[in-house]
Each structure stands twice: as structure tokens, then as C-alpha cells.
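The values are calculated or read from the model by the stated rules, or taken from the named source; none is laboratory data. Fair warning: this is a prediction, and the values are worked out from it, not measured in the lab. Reconstructed Cβ throughout: ideal geometry from the backbone, glycine too, with neighbour counts over all protein chains shown. The protein model used for the area step is the full one, side chains on, heavy atoms only, and it has no ligands, DNA or RNA in it. Shrake-Rupley method; radii C 1.70, N 1.55, O 1.52, S 1.80 Å.
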Amino acid sequence: LHNPTIIQTKVEGNVSKTELASVDIRALAKIIDLLLWLPAAAIPSFFLNANQVNELASIQQKMQAADTSTQAMQLQHQLFALIPIEAWQTMFAYIIIMLAIQAFFLAKSGQSIGKKLTRIQIVDADSGEKVNLTRIFLLRSIVFIILNMLFMPFITIADYLFAFGKKRQTLHDKLAKTIVIKQ
């Protein structure tokens with residue numbers, strides 16, 4: 001179901017035609033980018049001995065069976081206390097490094113790692129030109145990471161419903177005044 005949508009953008013007085021990235025290619029790029037965050041979740045397991053791994057599994061089972069939110073919070077505190085500070089530090093370092101790598105690629109080419117692999121690019125919605133780091137990283141990424149953490153899954157669903165519009169702009173594209181095009 002490839003439905004190319006060609007849009008016209010003004011670039012220094014000239015009009016050029018650009019093909020928008022399809023919603024499914026954008027979703028694939030997002031999945032690739034999200035998979036890059038999975039190692040952060042695995043880091044604590046590298047710092048636990050066999051007894052701690054068993055205790056972790058026990059706490060997780062108890063959390064699933066918890067009757068009250070108070071009980072679940074107590075178990076969550078036990079789980080967090082079980083993970084050594086070195087694991088938290090390593091997770092934090094991994095997250096900072098990943099954010100820096102993604103910011104570098106976005107600033108350099110308008111592409112996250114997932115977008116680079118799927119050959120799509122973020123550009124200014126009006127001019128078709130490269131977008132500055134504030135718009136491409138802070139507005140499109142950081143603001144929506146925070147919103148997703150607060151309002152998951154509602155913001156994610158609302159964000160992508162916008163992608164079915166004429167210019168295929170998600171909510172974060174509209175906020176940053178960007179579009180995603182094929183390279």
C-alpha cells in the first residue's frame with residue numbers, strides 16, 4: 001500500500017517537489033529507534049548475582065499479584081533498592097550517550113538512527129531545508145519523550161493519528177513545524 005504524496009516546498013524562491021515518507025516507514029524508523037533503548041533496561045541484570053536475580057523475579061511476581069497500589073509501591077521500592085548504584089549510574093550514562101548520539105545525527109542530517117536506516121529525513125515544513133537542533137531535538141524528541149512518560153499511551157496514539165493528514169505530520173511534527181520526507 002504505497003501511496004506517495006508529493007508536496008511542494010519553497011526553497012529560496014524556487015518550488016521543488018518532495019515525496020513525503022509513508023506512515024509505515026516512519027513507524028519502522030520509530031521502532032528501530034525504540035529498540036536502541038532496550039539495552040538500558042537490561043543493564044541492571046549485569047550487576048546482579050544469582051540470589052539477587054531470584055529475589056528480583058520474586059518481587060516482580062508479587063508486584064503482578066499486588067492487591068493495592070500501596071502494596072505495589074512498597075514492592076517497587078524493594079525492587080529499586082535491590083539494583084546497585086553502579087547499575088543506575090551505567091543506565092544513566094547509556095541514556096545520556098544515546099541522547100547525544102541521536103542529537104548529533106539529527107543536527108547533522110535531520111535523521112535519527114532509525115530514519116537513517118529507513119532513508120527518511122526531517123525537514124522544515126515550509127522550506128524543505130534542514131531544521132535547527134532546538135526544533136528537531138528539543139521540540140520533536142525531548143518534549144514528546146516527557147509527554148509519553150506522563151500520558152502513555154494516549155499521547156502516542158494522538159501523536160500518530162495526526163500522521164494520516166494531508167502532510168503526514170504527527171503532532172510533534174506540527175509542534176516543530178517539520179515534515180518527514182523520503183531521501
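Here are the numbers for the structure shown:
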read-out	value
Options Ile95, Ile59; residue that is modelled with pLDDT under 95 and closer than 30 Å to Asn132 by Cα	Ile95
Residues of region 85-95 satisfying the condition of being open to solvent by 30 Å² or more (accessible area, probe 1.4 Å) and more than 14 Å from the chain's Cα centre (by Cα)	Ile85, Glu86, Trp88, Gln89, Thr90, Met91, Phe92, Ala93, Tyr94
Those residues of region 124-138 which are outside any loop (DSSP other than H, G, I, E, B), surrounded by 19 or more Cβ atoms within 10 Å (Cβ to Cβ) and among the aliphatic types (A, V, I, L, M), in sequence order	Ile136
Search result, residues across region 110-123 that are open to solvent by less than 30 Å² (accessible area, probe 1.4 Å) and in contact with a helix residue (DSSP H, G or I) (Cβ under 7 Å, 6 or more places away or on another chain)	Gly110, Gln111, Ser112, Gly114, Lys115, Thr118, Ile120, Ile122
Residue within region 5-20 that is at pLDDT 90 or above, open to solvent by 40 Å² or more (accessible area, probe 1.4 Å) and either on the phi > 0 side of the Ramachandran plot or not hydroxyl-bearing (Ser, Thr, Tyr) (or both) present	yes
Contacts under 6 angstrom Cβ, first residue in region 83-102 being under 16 Å from Leu56 (Cβ atoms), partner of a type outside the set (Val, Ile, Thr), 6 or more apart	Ile83/Pro44; Pro84/Phe47; Glu86/Phe47; Ala87/Pro44; Ala87/Phe47; Met91/Ala40
Selection status of Lys108, more than 27 Å from Ala41 (Cα to Cα) and not in a helix (DSSP H, G or I)	no
